[in-house]
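Just so it is clear, none of the values below were taken in a lab; they were calculated from the coordinates. Just so you know, these numbers come straight off a predicted model, no measurement behind them. All Cβ positions, even for glycine, are placed from backbone atoms using ideal geometry, and neighbour counts span all protein chains on display.
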Ligand SMILES: N[C@@H](CCC(=O)N[C@@H](CS)C(=O)NCC(=O)O)C(=O)O
């Protein structure tokens, strides 16, 4: 498999999941700024959506959308327990979190990276995110991870987007959120993925 990624972008989430699962893959840099690969290939010819992450399967099929990719990967190695069995209530809880992180966090962060948006407009998104993180902080009370004491795919995604908070001045300062970030950052697979993306020495 190939994972198309850009350093520190939302593609870090499937990158972490691949490392946690220990599956063989090749990480291919696809800059979100230039939309070109290292060899000059126009990334739009690979993913017409132009964004990362994109997973290329061994049979050549390509799968986009982070929440779909992480579930696909985790389902390939069910014994690792990164996703609950399809059809179980626990699985729907994980999908509920993935969707929440995608729409209520990830896509509220995206405008904060845009130089075209005024500070007043950005304040609307920052305020929304502050409220979402208060909710997450409450949900993490007495829990190590979103689903309880076991790391699963929504944790990789929450870690990835929350890693942006400092850069764009988002308040994710709740004690449980910060403890979660430290806990996930300490996982060997997370360190490996971050090193591979040049985010850690
Ligand atoms: N809906 C997509 C969104 C992916 C996305 O926003 N990717 C960003 C990086 S975090 C990107 O590649 N942006 C560059 C672009 O849109 O051209 C998903 O959840 O996978």
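Within the chain, antiparallel bridges make up roughly 70 percent of the DSSP beta bridges whose residues both belong there.
I'd like the projected area of the stretch 53-201, averaged over all directions, using the convex hull of its alpha carbons. Report it in nm² with one decimal. Please report the intermediate quantities before stating the final value.
On the way: hull surface 40.7 nm².
Its average projected convex-hull area is 10.2 nm².
Using only alpha carbon pairs under 8 Å that are at least six residues apart, calculate the relative contact order of the chain and give it in whole percent. Present the calculation step by step, with values, prior to reporting the outcome.
Numbers: 261 pairs, mean separation 47.9, N = 201.
Computed value for the chain: 24 percent relative contact order.
Ordering 70-77, 91-98, 108-115, 9-16 by mean Cβ neighbour count within 10 Å, with the highest value first, yields 9-16, 70-77, 91-98, 108-115.
Which residues in the stretch 13-37 place their backbone N less than 20 Å from a point set 7 Å from the Cα of residue 192 along the Cα-to-Cβ direction? Under cut-off, by backbone N: 13-29. Each stretch of four or more DSSP H residues adds -39500 (n - 2.57); spread over every residue of the chain, this sum gives -13000 deg cm²/dmol at 222 nm. Given a Förster radius of 30 Å and the C-beta distance between residue 26 and residue 183 as r, what FRET efficiency does 1/(1 + (r/R0)^6) yield to the nearest 0.05? Result of the calculation: an efficiency of 0.55.
What value in Å³ per residue do you get for the convex hull of the alpha-carbon atoms in the stretch 1-88?
97
Once you reduce the stretch 23-69 and the stretch 168-201 to the center of their Cα atoms, the two points are 23 Å from each other. Sorted ascending by nearby beta carbons within 10 Å, beginning with the fewest, 117, 105 become 117, 105.
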